[in-house]
Amino acid sequence: MRNKDDYRILANGVKLKEKKTMTTNIQEQETRRIDIIDGINKGFGYSKIATKLDVPLWIVKKDLRRMRRYRDSELKQAYSNAKEQVQVKKQLIDSLPGERFHSMTGMTFKEKTFSNMMSFYGPELRKILKAESEGDAIRDLPASVKKTLKRNGIITNKWKVPKITSYARTCLTGIPSVN
């Protein structure tokens, strides 16, 4: 049933439906407070919360200011829940490409990078294995190559003596010679 107060008649006779807004009495403030906390828990922005409550944005912001001023514990909990939800979504998004890559290739990004580096730097690594002193042969490599090999776990620099890692050594012996 329509209420007489729902419409406003303009001077030219046009009826406009007025938007019902919540007033500022205590009971309505409490219902808004609960709805705002629910909206924040669900990860909604202030404008979306205002739209759901059918109130202007400034009322939601005013209520939030009041809740912060009185250090509302439920508001703090809602913000922490929203942060946790964002972190969980980020982790899901971050893990998706890795899982997708693993399902397509059967190996992780790290394994694939290691494999690519082993095949790309294979001739240099074979020369190092054939050399009398591994350390001297590794030191003769350009700095950028040494840095890349260290970053990808192909060589190590233990006790200031550079060596090819045992895993890289086993991979190298299984790769057929290019020459």
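Among what's in segment 130-175 and is assigned to a loop (DSSP other than H, G, I, E, B) and polar (S, T, N, Q), pick the residue that is farthest from the chain's Cα centre (by Cα).
The residue in question is Ser133.
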Glu111: passes all of (1) closer than 17 Å to Leu172 by Cβ; (2) of a type in the set (D, E, K, R); (3) in a loop (DSSP other than H, G, I, E, B) but (3)
Single residue of Leu75, Leu96, Leu57, Leu141 found to be aliphatic (A, V, I, L, M) and either touching a strand residue (DSSP E or B) at 6+ places or on another chain (Cβ under 6 Å) or in contact (Cβ under 8 Å) with a residue 24 or more places away in the chain (or both): Leu75
Unique residue being in contact with a helix residue (DSSP H, G or I) (Cβ under 9 Å, 6 or more places away or on another chain), of a type in the set (D, E, K, R) and over 30 Å from Glu30 (Cβ atoms) when the list is Lys147, Lys163: Lys163
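So that you can scan it fast, the table gives a plain yes or no per residue for (1) over 30 Å from Asp35 (Cβ atoms); (2) surrounded by fewer than 12 Cβ atoms within 10 Å (Cβ to Cβ); (3) among the aromatic types (Phe, Trp, Tyr):
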position: Tyr70; (1), (2), (3): no, yes, yes
position: Lys83; (1), (2), (3): no, yes, no
position: Gln91; (1), (2), (3): no, yes, no
position: Arg100; (1), (2), (3): yes, yes, no
position: Lys110; (1), (2), (3): yes, yes, no
position: Leu125; (1), (2), (3): yes, no, no
position: Asp140; (1), (2), (3): yes, no, no
position: Lys150; (1), (2), (3): yes, no, no
Given the criterion in a helix (DSSP H, G or I) and assigned by TED's automatic domain parsing to the domain that holds Gly153, identify the matching residue among Lys89, Lys127. Lys127
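The values are calculated or read from the model by the stated rules, or taken from the named source; none is laboratory data. The shown structure was predicted, so the numbers you read here are calculated from the model rather than taken from an experiment. Positions of Cβ are generated from backbone atoms using ideal geometry, with glycine treated the same way; all protein chains shown enter the neighbour counts.
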